[in-house]
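Student: The structure is given below, and queries will be raised subsequently.
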Amino acid sequence: MNDISLKDALKVVGTRPVRPDGVDKVVGRAQFGGDATMPGMIFGATVRSPHAHARIKKINTAKAEALKGVKAVITAADMPEIVSEEAFVGEGPMNFRDLSNNLMARDKVLYDGHVVAAVAASSMSIAKAAAELVEVEYEVLPHVIDEIEAMADGAPVLHDDVFTAGVDPKPTKPSNVAKRVEFAKGDLAAGFAAADKIIERTYKTAPVHQAYIEPHACIAAYNADGQCTVICSSQGQFMVRAYCAKLLGIDISDIRVVPAEIGGGFGGKTLVYLEPLALALSRKAGRPVRMVMDRVDVFRGTGPTSGGTVKVKLGAKKDGTITAADAEIILQAGAYPGSPMGPAAMCCWAMYDIPNARAVGVDVVSNRPKVAAYRAPGAPISTFGTESAVDEMARELGLDPIEMRLKNAAKNGTKALYGPTFQNIGYVETLEAAKAHPNLQAKLGPNQGRGVATGFWFNIGGESSASLAVNEDGTLVLVSGSPDIGGSRASMAMMAAEILGIEVEHIRPIVGDTASVGFTFLTGGSRVTFATGMAVCEATNEVVKQLRGRAAKIWEIDVEAVEWRDGSAYPAGDNAGKFEPLSLADIAAKAARTGGPITAKGAVNAQGAGPGFGTHVVDVEVDPETGHVKVLRYTAVQDVGRAIHPSYVEGQIQGGTVQGIGWALNEEYIYTKDGRLDNASFLDYRVPVASDLPAIDAVLVEVPNPRHPFGAKGVGEVPIVPPMAAVANAICAATGVRMTSLPMSPPKLKAAIDAAGK
Amino acid sequence: MYSPTYAAPTTVDEAVGLLANASGSARVLSGGTDLIIQMRSGRLRPQTIVDIKNIAGTIGIREEADGWHVGAATPGAEIGENAGLCAAWPGVTEAVQLIGSTQVQGRASFAGNLCNASPAGDSVPGLVAAGAKAVIAGKNGKRTIPVEQVPVSPGRTSLAADEFIYEFIIPKSSGKTADAYLRFIPRTEMDIAVVGCGVCVTLDNNGVCTAAKVSLGAVAPTVLVVDAAAKALIGNKLDDATLAKLDAAAQAACNPISDKRGTIEFRTKVAGVLARRTAAIAFSRAAAR
């Protein structure tokens, strides 16, 4: 069963059963973060800064505390002061002190919406009224929003202890530029000298929010004995536990975090905003506290991913061979250091085998919410630049965009700019599949154009735990530590069912809380099907071994003489003896007499995640009179290793693509002159609606990853990497206008079309 | 703490009395698809809320000799299901159905959209172009005014504190008269008009326009009646020269702001584009009658 080349032998993996968590979600009974209750529960609300940058001179909570029904008011004074220390708990870089200050401002507020106090009261309306009674005296400071302006001399400096890291000599003055990283190989100057054509462009992207439908929500109880329980929606119950422990000075063993269903995360729920506040309020009030953000809070106070500036220089021979490639990616970190400029730099040239290449990442703080992970953090931003430039180069040289990419494609054995040598990758296969797709033959009318772009994401492995228990009737319960944000319960059960040779409906997959399953790194990095899948397979193989052992005991033969297939134990060949096969149910019924419960655990630190590549083709129609872009056709081809549940793999690809289309066309953060966010709602922060989109054809290419029992690779992040460049390239094909700034919204595109006189 | 009082009177007089005697600010509740959102966000905090939906005549559509009487709080969904009104006034009825989503349509009303007094209200330019009138109830009885006289500036109406809109009267359309409404939004639905345009035309048997009314939304502090645009149409067929004049007249009437939804330049240009496109639909509908 571990021979991944034998796809035809698989009975469960690759099929499309109904998801185990589907019915509850369809009928509205699933318990999300804001649904849990506890006896004696009260309600929390936050007080947020109206200023982009200000010193907190005084906070007076007396009036709020005096309001009838108010049980607790907290400020930074109620939270331990945390020392600067790098955290490796979530996805992407984070510093415990910064996270603490981000949750609850200490001394200074750094963005509009920064929390300065929180209250808890016997009703939500009292809590909100109390929040308005908290008096905060500010000394308003000059602010800076744009990353390029933040780098300029004389810009307001946010932190007096941030000195640019990664430059020589070490700076002596604090700066908004937190860090610079560089990846380089070959000889850039020689590469550009050898080029027949050089394209040099600067691209700009807007910050975009993950826009999960479920706002952040939790309930937290800090009991009199110091034992804490948190029920919340997150991408990692162990992540929430670790952050709460560190930020509040509580032992990890005193906190139990129960994962709720999660209404979307996309990376934005890989850190905490409310949970430590709810615990601190609960500690002070002596009551469980529920906190639920509204959408305005979500936009002002959480996420997004960075906006940034991407400078690209690309050189190629007339035949399309890329001789040199250079990119500098300057990303907004938000109020505290830690943008995804590292992965942005690492991913932007990863699709290509380029002899002379460089990618530089620059991390810049400004008066915006601290960025959070968002689906392939950083890669979509840098790739918008590099894949736009590759398209322009192909256009200039008169080459087909797919052929241009095939000519320079990364293959097995290619040493990536960021270090590793690729193995078992399927980039060329995605290009070939795109080339063969009917989308490329579809006829285009007036004002219509076709764009192609590709993308890369690493995918990761890491620590995961799972346990499997055989019930008395032969059904099983499968517990893993990975919150299910993309259908992972289904795929976990399917892998176990495949190994056991039973129907997937006989396995009930559960996401365990921190007290009922071993440590599991959060759901992120497209790691769950790969890494937690390996833990599940390990546990399942152990259960099969035990089942064979129990059959051997019943038959009184050697365990080596028992084989397991199709859900039953069989004697292995004639020499083993003649016995009727024993089904899982038969063995389960006799478990008490053959050694007791049959259970097993899997615990892995998975290595060897297979990197993912995608090739996207999009057809658009531009209304030249209004700048409105209609997406006519969209084909997203991706190497997925092996699709465990193809519907959910396709869903991931379609979902990532849709978010990318929103990023390309309309999503952006709009600030007033005062540095206040002006579009903190889904009305003016425009994610695509269903009627904006065609059916997105997700094409699965399967180049298996031999490190996984079934060949799976991560699939959730790659699909958001190519769309922005693909759409820009299609718009250019339709109008002749090259858009270098996102979003390509109607007013911007109309102005560009008019300026070009087309 | 904020705790408003809510009343659901069953007669016009009772409603007027509640509004006239309200201590502090009062708001009329029709569908509530703006009011409740604004109260939740804290932007509006009326002390008194007067729900008019229990008053006979505020919900429902009747065809009478003087026109179509549409109750102030009649939801968009119900308007969309009235085949007679939809056939007579496709522009007016399509416009109200553009507001919000299917769920919002179960409540959203002409009166709410008009009294919210946003220049971007989708149903307003269509009503204006069609020559609809608002019947306003107050302590001095009922008075009837053209719809365009209701909003006076963003968020403000000409109604006195004791007044509310009871119903609308949309004239009966006769002969070769037809209307259309188009809006520009960055998406395809669930959005607010960046520009809106309502056009109503009457044609003679040769396709020459004999009467016209053109209204633009979201390009000025209130919805505009653009007489110059109507003049560009009257006496003409819908040829390129007429369309160019119409485009220019529409652009000339614009007095928009640049904000998060669009720039002055963009709104002005798109107003011209929409005027042409809306007129083309209205002409083709009228010619087919």
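Student: At 7 Å along the Cα-to-beta-carbon direction for both B:Asn206 and A:Val167, put a label point, then send me their distance in nm to one decimal.
Tutor: A separation of 7.6 nm, rounded to one decimal place.
Student: Right, another one. So how much slack lies between B:Thr11 and B:Arg40, counting 0.36 nm per residue of separation and subtracting their Cα-Cα distance, in nm?
Tutor: Stretched fully, the B:Thr11-B:Arg40 segment lengthens by 7.6 nm.
Student: Given Cβ point charges of +1 (Lys, Arg) and -1 (Asp, Glu) and nothing else, what value in debye, to the nearest 20, does the dipole of the protein assembly as shown about its Cα centre take?
Tutor: On the way: 103 positive and 109 negative charges, 285 e Å.
That gives a dipole near 1360 debye.
Student: In segment B:71-102, whose amide N lies under 16 Å from the spot 7 Å out along Cα-to-Cβ of A:Ser681? List them in ranges.
Tutor: B:99-101
Student: With a cut-off of 8 Å between alpha carbons and a minimum separation of six or more residues, what is the relative contact order of chain A in percent?
Tutor: Over chain A, the number comes to 15 percent.
Student: Okay, moving on. Got the relative contact order for segment B:177-287 handy, in percent, Cα pairs under 8 Å and 6 or more residues apart?
Tutor: 31 percent
Student: Something else now. Note down the net charge around B:Ala212, summing +1 for each Lys or Arg and -1 for each Asp or Glu among other residues with Cβ under 14 Å from its Cβ.
Tutor: So the environment of B:Ala212 carries a net charge of +4.
Student: About its Cα centre, how strong a charge dipole does segment A:562-664 have in debye, to the nearest 20, once Lys and Arg get +1 and Asp and Glu get -1 at the Cβ? Display every interim value, and only then the final one.
Tutor: On the way: 8 positive and 11 negative charges, 127 e Å.
Value, rounded to 20: 620 debye.
Student: May I ask you to give the average projected area over all directions of the convex hull of the Cα atoms of segment A:621-715, in nm² rounded to one decimal?
Tutor: 8.8 nm²
Student: So, one more: Could you tell me how many degrees, from 0 to 90 and to the nearest 10, lie between the Cα long axis of helix B:240-253 and the main elongation axis, the longest principal axis, of the Cα atoms of chain B?
Tutor: 30 degrees
Student: OK, next. Among A:Leu582, A:Pro20, A:Gly249, pick out the residue whose Cα is farthest towards the positive end of the charge dipole of the protein assembly as shown, where Lys and Arg carry +1 and Asp and Glu carry -1 on C-beta, about the Cα centre.
Tutor: A:Gly249
Student: Let me ask you something else. Relative contact order for chain B using alpha-carbon pairs under 8 Å, separation at least 6, rounded to a whole percent?
Tutor: 16 percent
Student: For every other residue with a beta carbon closer than 13 angstrom to the beta carbon of A:Val604, add +1 if it is Lys or Arg and -1 if Asp or Glu, then tell me the sum.
Tutor: Spelling it out: positives minus negatives among the neighbours equals 0.
Student: State which entries of A:Lys128/A:Lys673; A:Lys204/A:Lys750; A:Lys750/B:Lys176; A:Lys108/A:Lys179; A:Lys204/A:Lys370 exceed 25 angstrom in Cα-Cα distance in the structure shown. Please report the intermediate quantities before stating the final value.
Tutor: Details: A:Lys128/A:Lys673 27 Å; A:Lys204/A:Lys750 18 Å; A:Lys750/B:Lys176 36 Å; A:Lys108/A:Lys179 22 Å; A:Lys204/A:Lys370 19 Å.
From the list (A:Lys128/A:Lys673; A:Lys204/A:Lys750; A:Lys750/B:Lys176; A:Lys108/A:Lys179; A:Lys204/A:Lys370), the Cα-Cα distance tops 25 Å for A:Lys128/A:Lys673; A:Lys750/B:Lys176.
Student: Going by a ≥ b ≥ c, the root eigenvalues of the Cα gyration tensor, does segment B:177-287 fall in the rounded group (a/c under 1.5), the prolate group (a/b larger than b/c) or the oblate group?
Tutor: Because a/c hits 1.5 or more and a/b exceeds b/c, segment B:177-287 counts as prolate.
Student: Right, another one. Determine which aspartates and glutamates satisfy two conditions relative to A:Lys11: a Cα distance under 13 Å, and not lying fewer than 8 residues away in the same chain.
Tutor: In chain and number order, the partners are A:Glu498, A:Glu503, A:Asp566.
Student: When a/c is below 1.5 the answer is rounded, else prolate if a/b is larger than b/c, else oblate, so apply that to chain B with a ≥ b ≥ c taken from the square roots of the Cα gyration tensor eigenvalues.
Tutor: Because a/c hits 1.5 or more and a/b exceeds b/c, chain B counts as prolate.
Student: Which value, in debye to the nearest 20, describes the size of the charge dipole of segment A:251-386 about its Cα centre when Lys and Arg Cβ atoms bear +1, Asp and Glu Cβ atoms bear -1, and nothing else is charged? Please report the intermediate quantities before stating the final value.
Tutor: Working: 16 positive and 11 negative charges, 67 e Å.
Charge dipole, segment A:251-386, about its Cα centre: 320 debye, nearest 20.
Student: Using the alpha-carbon atoms, what tilt in degrees (0 to 90, nearest 10) does helix B:264-287 show relative to the longest principal axis of chain B?
Tutor: 80 degrees
Student: Of all alpha-carbon pairs in segment B:1-145, indicate the percentage at a distance above 25 angstrom.
Tutor: Summing the P(r) of segment B:1-145 above 25 Å gives 28 percent of all pairs.
Student: For a paramagnetic label modelled at 7 Å from the Cα of A:Gln607 toward its Cβ, which residues of segment A:461-483 fall within the zone defined by backbone nitrogen distances under 16 Å?
Tutor: Taking a point 7 Å out along Cα→Cβ of A:Gln607, the residues of segment A:461-483 whose backbone N falls under 16 Å are A:461-464.
Student: Jot down the per residue volume, in cubic angstrom and as a whole number, of the convex hull over the alpha-carbon atoms of the protein assembly as shown.
Tutor: Roughly 197 Å³ of hull volume per residue.
Student: How many nm separate the modelled label positions at B:Ala83 and B:Glu265, each set 7 Å beyond the Cα in the direction of the Cβ?
Tutor: 5.0 nm
Student: Roughly how far apart, in whole Å, are the Cα centres of segment A:466-484 and segment B:274-288?
Tutor: Answer, in whole Å: 64.
Student: With a 10 Å Cβ neighbour count serving as the proxy for reagent exposure, in which order, fewest first, do B:Ser153, A:Ser516, A:Ser568, B:Ser30 appear?
Tutor: B:Ser153, A:Ser516, A:Ser568, B:Ser30
Student: Suppose we flag GluC sites (Glu not before Pro) only when DSSP calls them loop and at most 16 other Cβ atoms lie within 10 Å. Which is the longest uninterrupted stretch of chain A?
Tutor: No qualifying site falls inside A:86-471, the longest such stretch.
Student: Further question: Considering only DSSP states other than H, G, I, E and B, which chymotrypsin sites (Phe, Trp or Tyr not before Pro) in segment A:27-120 qualify as loop sites with at most 16 other Cβ atoms within 10 Å?
Tutor: A:Phe88
Student: Hey, rough spin-label estimate for A:Asp254 and A:Val559, points 7 angstrom out along Cα→Cβ, what's it come to in nanometres?
Tutor: Placing both labels 7 Å beyond Cα along the Cβ direction yields 4.3 nm.
Student: Let me ask you something else. Enumerate the residues in segment A:72-94 having an amide nitrogen under 20 Å from the point lying 7 Å beyond the Cα of A:Asp107 toward its Cβ.
Tutor: Flagged as within label range: A:75-87, A:94.
Student: Another question, then. Once R0 is set to 45 Å, what does the formula 1/(1 + (r/R0)^6) return for the Cβ-Cβ distance between A:Lys578 and A:Glu85, expressed as a FRET efficiency to the nearest 0.05?
Tutor: Taking R0 as 45 Å, the efficiency between A:Lys578 and A:Glu85 is 0.10.
Student: Aspartates and glutamates near B:Lys142 by alpha-carbon distance under 13 Å, same-chain residues fewer than 8 away left out - which ones?
Tutor: The qualifying aspartates and glutamates are B:Asp13, B:Asp162, B:Glu163, B:Glu167.
Student: Calculate, for A:Asp566 and A:Thr202, the FRET efficiency according to 1/(1 + (r/R0)^6) with r their C-beta to C-beta distance and R0 56 Å; round to the nearest 0.05.
Tutor: Values: r = 61 Å, r/R0 = 1.09.
Rounded to the nearest 0.05, the efficiency is 0.40.
Student: Taking each residue of B:187-194 in turn, how many C-beta atoms of other protein chains fall within 10 Å of its C-beta, and what is the average?
Tutor: The shielding value for this peptide is 5.
Student: Same structure again: Could you tell me which residue out of B:Pro221, B:Ala253, B:Asn236 lies farthest along the dipole of segment B:177-287 toward its positive end? Charges go on the beta carbon: Lys and Arg +1, Asp and Glu -1, centred on the Cα centre.
Tutor: It is B:Pro221, whose Cα lies furthest towards the positive end.
Every read-out reported here was derived from the displayed coordinates using simple, explicitly stated rules and does not represent laboratory data. This structure is a prediction, so every number in the text was calculated from the model and none was measured. Cβ atoms come from the backbone with ideal geometry, glycine included; neighbour counts cover every protein chain shown.
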